[in-house]
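Reading through the structure tokens given below for one structure.
The values are calculated or read from the model by the stated rules, or taken from the named source; none is laboratory data. Note that this is a predicted model, so its numbers are computed, not measured. Methodologically, a virtual Cβ is constructed for each residue, glycine included, from the backbone with ideal geometry; neighbour enumeration extends over all protein chains shown.
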């Protein structure tokens, strides 16, 4: 394993948590097709479940997985009950995880005979030839944007992959009100709003059966030249994500960000800050809050 690609600092994505009815199968899919390794496993303790506002998650198994590059950004898979009403990319909240990869066409070929469902083959974005992504959905209904980064953009720095499939570098949020969702982060955490776009969005249009040219508004949050969230305004037909009482939502359930100080956060926490054991907390304080689209946010103090 090589060393981490950067230090923890304000706004860095540290981890995403995926709810999985079959934890072992999801972990194996990351190992077999992403080259990820399990860095820690165990059961969710009561304090962590309480911090999530999901007390029924206590005692559930989890596994923290990370890329072979050694970058200390993780995907944590947590065992959760299946929710029959959940359909990927049709509900508000954390919609997808964007990972940086070295060769998207080779990855597309690998995933064609895999448990992943390809929902978008490799294709350049309309506004840049530096971003060459594909899209796929995993076994837990967790969508991935798998992005071959070929350089930075005029306003933003994008990470080049150091492994075939490397780390999360942007999280995708589905929201009924793009600006209100952006304002949550700028007002409460002091992050900046990035550029705005109004563009045809194939993943959203496909999910809702809309014409391929239907445009959707999106913006982003960033800290300096680092983008961390893409915030998409979703169609009127989007629903609140279903969940079972006391449990995490299905799919991408939460995203963990580094913050310089929990005390600087102006949003209310679900419970007082706690110090969870293990990766990626490593003795640091953490607290959770809920964003404008109902998304669960973990804040880990640097």
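Go through the stretch 72-96 and report how many residues are at positive phi and either buried (at least 24 other Cβ atoms within 10 Å of the Cβ) or not in a loop (DSSP other than H, G, I, E, B) (or both).
Residues flagged as at positive phi and either buried (at least 24 other Cβ atoms within 10 Å of the Cβ) or not in a loop (DSSP other than H, G, I, E, B) (or both) within the stretch 72-96 amount to 1.
Scanning the stretch 1-57 for residues that are under 25 Å from residue 243 (Cα atoms) and part of a strand (DSSP E or B) yields a total of 11.
Screening residue 284 against (1) touching a strand residue (DSSP E or B) at 6+ places or on another chain (Cβ under 6 Å); (2) crowded, with 18+ Cβ neighbours inside 10 Å; (3) farther than 18 Å from residue 42 by Cα leaves a single unmet condition, (2). Restricting the search to the stretch 186-197, which residues are modelled with pLDDT under 95 and not in a loop (DSSP other than H, G, I, E, B)? Correct list: 197 only. Please go through the stretch 123-157 and give me each residue that is part of a loop (DSSP other than H, G, I, E, B) and surrounded by 20 or more Cβ atoms within 10 Å (Cβ to Cβ), ordered by number. 138, 139, 140, 141, 142, listed by residue number. Name every residue in the stretch 201-223 that is free of Cβ contacts under 8 Å to residues at least 24 places away in the same chain and closer than 30 Å to residue 299 by Cα, in order of residue number. Residue satisfying the conditions is 216 alone. Just one of the listed residues (261, 271) is under 29 Å from residue 60 (Cα atoms) and modelled with pLDDT of 95 or more, namely 271.
Residue check: is residue 119 part of a strand (DSSP E or B), closer than 25 Å to residue 295 by Cα and more than 16 Å from the chain's Cα centre (by Cα)? Considered against the rule, which asks whether it is part of a strand (DSSP E or B), closer than 25 Å to residue 295 by Cα and more than 16 Å from the chain's Cα centre (by Cα), residue 119 comes out as yes.
Of all residues in the stretch 258-294, count the ones that are out of contact with any helix residue (DSSP H, G or I) (no Cβ under 8 Å at 6 or more places or on another chain) and under 27 Å from residue 38 (Cα atoms). Total satisfying the criteria: 10. Flag: residue 49 matches the condition of being closer than 14 Å to residue 253 by Cα and out of contact with any strand residue (DSSP E or B) (no Cβ under 6 Å at 6 or more places or on another chain). Only one of the numbered conditions (1) under 19 Å from the mean Cα position of the chain (by Cα); (2) under 30 Å from residue 30 (Cβ atoms) is violated by residue 193, and that is (2). Within the stretch 285-299, residues that are in contact (Cβ under 8 Å) with a residue 12 or more places away in the chain and on the phi > 0 side of the Ramachandran plot have Cβ atoms under 7 Å from residues that are crowded, with 22+ Cβ neighbours inside 10 Å and in a strand (DSSP E or B) in these pairs: 294/93, counting only partners at least 6 apart in sequence or on another chain.
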